[in-house]
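Written below as structure tokens is the structure these notes are about.
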Amino acid sequence: MVAHDNTVMNATITNATPSADDESTLPESTPIGTDPQRDVMSDVVPDVTPDEVPGTTIASTPATATVPAEEMKPSQSVTYRPMRWNDLDDIVREFDRTWGQCSAAAGTPVSMQISRHFVLHYLEPTTRAIIAELDGRFMGVTLSRVAGEPLAFPQAKQELAAINGELNRSTLGAKTLSETEQWHEMELRMEREIDINDLARGEIELFLVAKSARGHGVGGSLWRQAMDYFANCQVARFYLHTDSSCDVSFYDHKGLRCIVARYAADHPEDGADMDDIFIYAGTPENTR
């Protein structure tokens, strides 16, 4: 999601709601240059300018990652590091806080299960995952995929099957999972209609920034690092899914272009609560 979707979505960024004027306000709907499989120390973010944000190489990462001084609060530092498997629960909890109310399971234990499904769905194809923290608190995550690169978490596929099994053991869980899988299939159909995976090697799978992170420059820094990752992998073009529940003007502001749209008004069969859904695409060098 990255994009961001405020209904069961892909945020894929997709799933976030940034402001075109403020990069620190991102969709609540992906890295620096360190191997996500490695357990390395995080990079402290001192006060510097946006142009100083490192993370453009995979093999080695500078000791410090940075965010603009005006985006930081005194005596606090945001750290960015490769995701570890034990970060999964933090991501799921924040995902549920952000989008849990949008599913049929809102307010029930099934809500956390379907949120776990979503995170694992995005994590399964991910090749790079970066966590942002502030004083040890989860602040955000970006999950990115580059075709041909090794998976960051091969175990996600098995875990996704396991949570789907749990969901199918209850009537509400099975219903919510069915609706969610229809959403996933709709997005795949949109991708096939424009052959986007033949045209773009990169995708932002999930772009999630905690509400408490706003004002710390987390979203803008995660975004720039994701663009650096794509550029380092020689990705000429990338894309993401988002919808009308998000401030899509953020992507316009970043220089992405909406290349396909599915408007709810044209598809009453999708239900009265369905959002307009979009695929945005861009080039890493022009969307920082």
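The values are calculated or read from the model by the stated rules, or taken from the named source; none is laboratory data. Computed from a predicted structure; not experimentally measured. Using ideal geometry, Cβ is built from the backbone for each residue, glycine included, and neighbour counts are taken over all protein chains shown. Ligands, DNA and RNA are excluded from the accessible area calculation, which covers all protein heavy atoms including side chains. Shrake-Rupley method; radii C 1.70, N 1.55, O 1.52, S 1.80 Å.
For this structure, a couple of remarks:
- Largest-first ordering by accessible area, 1.4 Å probe, given options MET112, MET227, MET274: MET112, MET274, MET227
- In Å², nearest 10: area of GLU181 left accessible to a 1.4 Å probe: 90 Å²
- Ligands, DNA and RNA aside, TRP183 has an accessible area near 10 Å² when probed at 1.4 Å.
- Qualifying trypsin sites (Lys or Arg not before Pro) in the stretch 152-233, DSSP loop, other Cβ atoms within 10 Å at most 15: ARG169
- Using only alpha-carbon positions in the stretch 169-223, the gyration tensor eigenvalues give semi-axes of 28, 23, 7 Å once each is multiplied by 5 and square-rooted (largest first).
- With all protein chains modelled, accessible area of HIS121 [1.4 Å, Å²]: 50 Å²
- Only Cα pairs under 8 Å and 6+ residues apart enter the sum, and on that basis the relative contact order of the stretch 114-156 stands at 44 percent.
- Anisotropy class of the stretch 78-145 from Cα gyration tensor, a/c 1.5 cut: oblate
- The stretch 212-264 shape via C-alpha gyration tensor axes, a/c threshold 1.5: oblate
- Excluding ligands, DNA and RNA, the accessible surface per residue across the stretch 189-288 is 40 Å² with a 1.4 Å probe.
- Kirkwood hydrodynamic radius over Cα pairs of the stretch 168-288, then Stokes diffusion coefficient at 10 °C and 1.306 mPa s, in µm²/s: 99 µm²/s
- For the stretch 164-212 and the stretch 121-156, distance of Cα centres in Å: 16 Å
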